[in-house]
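S.K.: Starting off with a structure, shown below.
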Amino acid sequence: MSTLITFRGRSITGQDVTFIRELIAAHPENHRAGLSRQLCQAWDWRQPNGQLKDMICRSLLLRLDREGHITLPPPTQCRPNPFLNRRPPAPVEIDSSPIVSSVKELGPAISLRQVRRTAHEKLFNSLVEQYHYLGYVQPVGEHLKYIAFVGERPIACLAFCSAAFGLGRRDQFIGWSREVRDRNRHLLAYNTRFLLLPWVKAKFLASHLLAKCAKQISRDWQALYNHPLYWLETFVDLSLFTGTCYQAANWIYLGHTSGRGKYNKTHKQLVSIKAIYGLPLDPAFRSKLCR
C-alpha cells in the first residue's frame, strides 16, 4: 500500500485513511477529541511512557481533513490556544552581586537541580528569558530544565528536549538506519539552552556543569518519562562561541551544519554555521540505540 503522507515519522496509507473514515462513520456522536483517542487506541499509538499520542493524532486528523482525505465532525467549542500570544516569563529579582571564584573553591556548594514541574520552574523560565541571547521558548514534547545553585543562589541554567528527527552527522556516527532512528529517537536529548548568569565568573564552571548534568540526566528522564537516555547533542553557533566548554566536558565534535536552515530548499547559506557536538551516556550506546 503506497504512502499518502508521512506524519511525525508515521507513514499514512490509503488503507489507514479508509480505517479513519469507517471509524468516523461508526461513531457519529464522537467529537474530535474522542475520535483522536479512539484512533490512538486502535493503532496503539503511544508515547514511550505509555500515554496516548493524543495531540499528535489530533494534528494528523486536522491535516487529513484540510487535504480532503477525511471529513471531521465540526468542533464542539473553540477553546483559546494557550500557546498563542503566550506572555514572556515575568522578570524576577535575585541577588546579582558578583561571584568570582573557581570550581575548586566553590566545591560542594554547587548543586544541580532538575526543576521541571517544581516550584523553581518559573525561576528557570525567567532567568533564561532575561539573560540568554535567544530568550525563553516553551519546549514541546519531552523536556527537562536544570538550575545550578551555589547554596541557594542560582548561577546557571540548562535545558534539554527531544532530539532532531534527522541529523546526518549524528546518524552516521551512531550507525543506525532511518527505521531504527524513528523507533529509538526518544532515547536522545538535545541541549537547547545553556546559560551562565552574567555576574558569575568561575573558571571551568561550564564544563563542570555539563559533566555533572551528564551523570544524572538519564536517571531524571527515566523518572519523568519512563525511559533512559543514551545520547546528548547540541549545536554551537560559531559566529558567537567556540564550543570550548563542550570539548572540555568530553563532548564529541561531529562536524558543522551547512547554514541552510531547517526549511530552506535552496543550497544557499541563510543562517549562521553551527558546530554539532554529541555525548554518549552509556559505553554501549550504539548497541542500545540500534537494537
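The values are calculated or read from the model by the stated rules, or taken from the named source; none is laboratory data. All figures in this text were calculated on a predicted structure; none of them were measured in a lab. Positions of Cβ are backbone-derived with ideal geometry, glycine not excepted, and every protein chain shown enters the neighbour counts.
S.K.: Scan the strands (runs of 3 or more DSSP E) fully inside region 62-172 and keep the ones with 2 or more residues being over 19 Å from the mean Cα position of the chain (by Cα), surrounded by 18 or more Cβ atoms within 10 Å (Cβ to Cβ) and outside the structural domain of F235 (by TED's automatic domain parsing).
M.R.: In region 62-172, no matching strands (runs of 3 or more DSSP E) lie anywhere.
S.K.: Turning to a different aspect of this structure: Out of region 173-206, which residues are touching a strand residue (DSSP E or B) at 6+ places or on another chain (Cβ under 7 Å), in a loop (DSSP other than H, G, I, E, B) and closer than 21 Å to L134 by Cβ?
M.R.: L197, W199 - these are the residues of region 173-206 that are touching a strand residue (DSSP E or B) at 6+ places or on another chain (Cβ under 7 Å), in a loop (DSSP other than H, G, I, E, B) and closer than 21 Å to L134 by Cβ.
S.K.: Then there is this: Which residues, counting only those in region 34-58, are surrounded by 14 or more Cβ atoms within 10 Å (Cβ to Cβ) and assigned to a helix (DSSP H, G or I)?
M.R.: Selection gives L35, S36, R37, Q38, L39, C40, W43, D54, I56, C57, R58.
S.K.: Is region 225-246 home to any residue that is out of contact with any strand residue (DSSP E or B) (no Cβ under 9 Å at 6 or more places or on another chain), under 29 Å from R183 (Cβ atoms), modelled with pLDDT of 95 or more and in a helix (DSSP H, G or I)?
M.R.: no
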